[in-house]
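All of the numbers you see were taken from the coordinates with simple rules; none came from a lab. Source: prediction; values computed, not measured. With ideal geometry, Cβ positions are generated from the backbone for all residues, glycine too; neighbour counts draw on all protein chains shown.
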């Protein structure tokens with residue numbers, strides 16, 4: 001089973017993204033704290049795309065698909081904007097961000113901390129970012 | 001949805017965040033912080049009891065003031081965060097840079113320290 005969402009490229013749609021994820025992540029056995037972090041990671045990627053790749057144009061869309069892939073949770077984010085490769089993005093030093101009083105730049109840092117694997121590909125003008133999280137271990141102590 | 005309430009209590013300015021902070025509304029948080037500081041706040045507390053969510057856009061706002069706080073000797077603390085939100089501060093290591101305390105009374109005692 002998979003859950004799909006087409007998200008309009010405006011920041012006011014982020015609340016819709018969160019409710020979609022809240023529902024679609026419920027079935028996989030993640031704790032509330034884990035789900036919260038997964039939602040955050042997906043939102044950070046989408047917010048980045050909305051603002052930087054699509055210049056907040058509400059007519060453009062980002063496609064999301066939440067599914068199980070190779071016994072892991074996969075959240076696939078596809079769009080046709082300027083490619084933004086998370087994997088090549090160098091995470092800034094926190095102290096530097098504070099010194100420079102920058103208000104951005106830490107979102108991708110969160111994504112990298114939260115997800116177990118990140119995949120990115122750009123083909124024929126279509127970008128796919130796959131955020132992967134291992135399912136919680138069910139082994140009882 | 002984000003609602004901001006400002007409460008003055010003696011020498012303390014409390015900013016209560018109600019709802020969720022994301023890239024669509026973090027500018028409101030920034031404006032409120034700026035206003036409070038411009039009016040000469042010396043002890044700023046963030047009440048997070050009703051904060052359900054904060055993304056990097058909101059965390060970035062707090063971070064952008066940390067240097068000003070230490071340069072100007074302004075006391076700053078956040079209290080009342082739920083487990084999920086508190087965990088997000090920890091992922092970034094912000095719990096080492098910001099005083100994050102369980103409740104208001106603990107936050108207020110911070111202000112009594114020399």
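The alpha-carbon atoms of region B:1-94 define a convex hull whose volume equals 84 cubic angstrom per residue. When A:96, A:103 are sorted by how many other C-beta atoms sit within 10 angstrom of their C-beta, beginning with the fewest, the order is A:96, A:103. Report the Stokes-Einstein translational diffusion coefficient (µm² s⁻¹, integer) for the protein assembly as shown, Rh taken as the Kirkwood radius over Cα pairs, at 4 °C with viscosity 1.567 mPa s. Rounded to a whole number, D works out at 67 µm²/s. When DSSP beta bridges are restricted to pairs lying wholly in the protein assembly as shown, around 70% turn out antiparallel. Largest mean-square fluctuation among A:57, A:127, A:48, in a Gaussian network model of chain A whose springs join Cα atoms under 10 Å apart, belongs to A:57. As a rough footprinting exposure proxy, the listed residues B:101, A:45 were ranked by other beta carbons within 10 Å of their own, and the order from fewest upward is B:101, A:45.
Sorted ascending by nearby beta carbons within 10 Å, beginning with the fewest, B:100, B:74 become B:74, B:100.
The mean number of Cβ atoms from other chains found within 10 Å of a Cβ in peptide A:117-124 is 0, as a whole number.
Given R₀ = 25 Å, FRET efficiency for residue A:80-residue A:134 by Cβ-Cβ distance, to 0.05? Kindly include the intermediate steps, with their values, before the conclusion.
Details: r = 30 Å, r/R0 = 1.19.
That gives a FRET efficiency of 0.25.
Given axes a ≥ b ≥ c from the Cα gyration tensor, I'd like to know whether region A:2-134 is rounded (a/c under 1.5), prolate (a/b larger than b/c) or oblate. Here region A:2-134 falls in the rounded category.
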